[in-house]
Structures are given as C-alpha cells and as structure tokens.
Amino acid sequence: MFWRVLMFSLLQLACAAAGGLLLGPWGVVGGVVLAAWLAFGWETWSGQRVIRWLRGDGAASSAPVLRGLWGEAAARMRRRLRQQEQQALASGQRLQEFLAALQASPNGVVLLDPQGHMEWFNQTAAQHFGLDAGRDLQQQIGNLLRDPNFSAYLARPDDAQDLVLNARASTPERPQRLAVRLHPYGEGRRLLLSRDITQLEQAEAMRRDFVANVSHEIRTPLTVLAGFIETMQSLPLSEAERARYLGLMAQQAQRMQHLVQDLLTLSRLEGSPLPGFQTWTPVAALLRPCEDEAHTLSALLTPAGAAPQTLVFPTQDELRAAGELAGDPAELQSALSNLVTNAVRYSPAGGRITVQWQRLPDGGARFAVHDTGPGIAAEHLPRLTERFYRIDRSRSRDTGGTGLGLAIVKHVLQRHDARLHIASVPGQGSVFSVDFPAGRLRDAALARPGAASA
C-alpha cells in the first residue's frame, strides 16, 4: 500500500509540475486532476482484465500479468487456482487408480445410485450380467436383470446370505452360476458384488458324488461279505461250499483293498509336490515292466482253449533309442502300466494290443496303446477320467477295476506336464496316447555323468 500511495503522489507531482510550467497556476490544478484520472483509468483497465479472465475459463495458465493491486490479486488467485488444479489432478489420478483396481478385480462390481441406476461397473460385471458400458450406464439395473429372484432381492436385500443366479451367458451345456450381494454405502447408494461360483458348485457336486460313489463301492462288497459270513455261521456247509464262499469273500476283500489303495494313491498325488527334473529314467526301464505285466495278465484272463492275445511292444533297439524321461519313475510306470493292462482286460481273446513309443517333431514323445477291443461310444470319451465313471459297471467289476484307474493316470500325467488323448471307434477298438513335452525328454547319450537315474 505504501508504494501505491508513493507512486500516486509522484504521478500527481509530475503532472502538477508539468501543468505549472505550461499553463501556470491553473495548470497545476489541471495536472493534479489529470493524474487522478490517469490512475483511475489504469485501475479500471486492470480490474476489467481480471474480471474478463474470471468470466472466461478462469484457468491459472491464462491469468493476466499485471502490476499494482490488481496484479497482486491476480497472482494470488493464480497460485490458488494452480493448487486446486493440482489437487483435482491428484484426486482424479487416485480415482482412476481406484477404478483400475476395481476393474482388475475378479469379482463383478456395480455402483448403484439411490434410484438403482448403474453409475459404473467393471468388465467382470459386464461379462456376468451381459452389460455394455456405452449402452447401459445410468440404466435401471432391474430393467436389465429380469430374474424374479433378483428383483425381489433388489427390493429387500438379505445381508445374511448371497443370492445365487445364472449368468447371462449360462447355457445347459456350459452353466455359469453367480453369487451376488448388495452392500449399502454413502447416502442411499449401493454396491453390487458378483462372483463366479461355477467351479465351487461343480467341486461340491463332485465331492457329493465322490462320497456317494465311495460309499456305494464299499457297501456292495461289505454286503456280500456280511451275507457270506451269516451263511457260514447259520448253515452247515460242506468243505467245497465253505472253500467256495471263502474264495468269494477273499475276492470282495481284495476288491475293497484295491479301492482303498487307489483312494490313497489319489490323495497322495493331490497332496505331494510336483515331480522335478532331478531323476531321469530310461524309457526302456518303464516299458519292460509294462510288457511283463501285460503278458502275465493276458495269460490269466485268456480262457482255456481260446486264441491268445497278440501283444506287440517296441523292440530293444527302439527302446534304447527312446532316451530318458524326467519325473517320478514309480508314478510314470504305474500310469503307463495302467493303460496297457486296461487294453489287455478289455480286448477279447485273440485280440491284438500294440504299444508304441515315438518321438514327435517338436522334440516330445508319444506313448500309445492300440487295442482291438469293443471300442467306446463318443459320448463316454470326455468322462472316462472322472472318478468312478464306468461305461459298464458290471464288466468293470468283473475285470477287477475300481473306477479310479484313469483318474490316477490323468493326475500322474498332469503332474509330469503330459496330456492324455483317447480315440475310439465302437466295434474297432481304442487308442490311448500320452504326449510328453520335449522338456521331459533327453537322449541317453546326453545323460550327464553322475545324474540320478532309475
């Protein structure tokens, strides 16, 4: 303020002096008046520039650069605006980060205003409910999700439990189930969360089926055993009858023992660490036991007087050239043997079982078992590796199967990064093949000295 008074006084003195020199005493008065009007005009012009700036965009970057009182006011307003713009930018960035986090959420998120209009939703919610951001924002969610249960839940939400409904893309062939819940926040607003529980429901269904199957599989031989024991306790039997009943009881006990062993094997596979690459086993060492078991089982199952089965395995030279396989040798041998013995069990007398090992162009290898059995209908192929799934239950039990063999094979192969393929034509036979990745194979000549091998 002192400088403003000083400058105004100096302006008046200068104008009065100039007026006095030019016009005399009256020139002094005119100079003082002129100085006042000049000062007033300058202040008015500066004020108008500030007013035009404020009436315009009011941005800090376009603030006028002035001197004097209005210049100081404009400078202070410019600094305050810059601070507010920086705060608004930081708030916008935090909002975008928050929305990006919600966008990355595996759960669906929908923000609803007090009237139920959708203010924002992430991509997961769009997939769950079939929404489109360009079309459905600010729409009533009840108009787009016309499930009666959801409409009732929207009108009176139950905070104690989720509402389960089908997703928009759900079909009978590929069902998709959602759990949704409303959470109030702010002044009448609500947050709608959705999560995909399809796998959870499927896992629960599998658990129920598994328990039911295990109970059924164990109950049947227990019933047989109890019946035979009651018969032996209550009826006089000859030695031949007693021996026959004891043999049947032993058969049922052995069946239960195999079932328990397979269940323990599955449990161990699911709970143990994945096999690494420390142990390398020659392919020949894996296939030779399979060949021995196949010949022994074929001889036992072939009826007297019937034509024997023809078993074809890779030659010794082919096995030596097959190299080595990384992984758990016991698991691998069990899985490959299961495929071979299945082919023997389900091929008729005089049938042909061919076992092959061949390298693939990508460096991997394929183990394949071809049989001339009855074949498998196409609708059964996708479910063969399910636990306790049987095409013909009575025949599977007659051959000593527990219904868990292929499930164990699938787990073993998955643990070794391998894939099982099944192809079959009813009446012509089946082909069970396993593709091993190149990373699990090496040539025997490249084996490192001192490397572990089975």
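The values are calculated or read from the model by the stated rules, or taken from the named source; none is laboratory data. Predicted, not measured: the structure shown is a model, and the values here were computed from it. Cβ: placed from backbone, ideal geometry, glycine included. Neighbour counts: every protein chain shown. Just the protein is used for accessible areas: all its heavy atoms, side chains included, with ligands, DNA and RNA removed. Shrake-Rupley method; radii C 1.70, N 1.55, O 1.52, S 1.80 Å.
Could we say that A299 is exposed (fewer than 13 other Cβ atoms within 10 Å of the Cβ) and not in a loop (DSSP other than H, G, I, E, B) here?
Yes.
Taking V224 as the residue in question, decide whether it is within 23 Å of A407 (Cβ to Cβ), without any contact (Cβ under 8 Å) to a residue 60 or more places away in the chain and not charged (D, E, K, R).
For V224, the condition - within 23 Å of A407 (Cβ to Cβ), without any contact (Cβ under 8 Å) to a residue 60 or more places away in the chain and not charged (D, E, K, R) - is not met.
For the list (1) surrounded by fewer than 19 Cβ atoms within 10 Å (Cβ to Cβ); (2) within 37 Å of the chain's Cα centre (by Cα), I need the number of the one condition that V312 fails.
Single failed check for V312: (2).
Of (1) among the aliphatic types (A, V, I, L, M); (2) open to solvent by less than 90 Å² (accessible area, probe 1.4 Å); (3) under 30 Å from the mean Cα position of the chain (by Cα), I229 satisfies all except one. Which?
The one condition I229 does not meet is (3).
Taking the stretch 355-403 on its own, how many of its residues are of a type in the set (F, W, Y) and at pLDDT below 90?
Number satisfying all stated conditions: 2.
Residues of the stretch 343-367 being within 19 Å of L297 (Cα to Cα) and open to solvent by less than 40 Å² (accessible area, probe 1.4 Å), which ones?
Selection gives A343, V344, S347, G351, I353, T354, V355.
Would you mind finding the one in A294, A304, A253 that is assigned to a helix (DSSP H, G or I) and either β-branched (V, I, T) or over 26 Å from V224 (Cβ atoms) (or both)?
A294
Within the set of pairs 6 or more residues apart or between chains, which connect a residue that is of a type in the set (S, T, N, Q) inside the stretch 285-314 to a residue that is in a loop (DSSP other than H, G, I, E, B) and open to solvent by 80 Å² or more (accessible area, probe 1.4 Å) with Cβ atoms less than 6 Å apart?
T302/P308
Considering only residues of the stretch 82-131 that are surrounded by 11 or more Cβ atoms within 10 Å (Cβ to Cβ) and among the charged types (D, E, K, R), which is farthest from the chain's Cα centre (by Cα)?
R82
Would the stretch 254-277 turn up any residue that is more than 27 Å from G375 (Cα to Cα) and in contact with a strand residue (DSSP E or B) (Cβ under 6 Å, 6 or more places away or on another chain)?
yes
Across the stretch 190-219, what is the total count of residues that are open to solvent by 80 Å² or more (accessible area, probe 1.4 Å) and either within 28 Å of Q257 (Cβ to Cβ) or touching a strand residue (DSSP E or B) at 6+ places or on another chain (Cβ under 8 Å) (or both)?
6
Please name all residue pairs, on different chains or six or more residues apart, with Cβ atoms under 8 Å, provided the first residue is in the stretch 360-389 and is on the phi > 0 side of the Ramachandran plot and the second residue is in a strand (DSSP E or B) and surrounded by 18 or more Cβ atoms within 10 Å (Cβ to Cβ).
Sorted first by the residue in the stretch 360-389, then by its partner, the pairs are G363/L441; G375/S424; G375/G429; G375/S430.
Filter the stretch 132-158 for residues that are in a loop (DSSP other than H, G, I, E, B) and free of Cβ contacts under 8 Å to residues at least 12 places away in the same chain; which is farthest from the chain's Cα centre (by Cα)?
R156
Please enumerate the residues belonging to the stretch 266-291 that are part of a helix (DSSP H, G or I) and open to solvent by 40 Å² or more (accessible area, probe 1.4 Å).
Answer for the stretch 266-291, where residues must be part of a helix (DSSP H, G or I) and open to solvent by 40 Å² or more (accessible area, probe 1.4 Å): S267, R268, E270, G271, R288, P289, E291.
Quick test for you: out of P114, P106, pick the one residue that is part of a loop (DSSP other than H, G, I, E, B), closer than 15 Å to H183 by Cβ and not aromatic (F, W, Y).
Being part of a loop (DSSP other than H, G, I, E, B), closer than 15 Å to H183 by Cβ and not aromatic (F, W, Y) holds for just one of P114, P106, which is P114.
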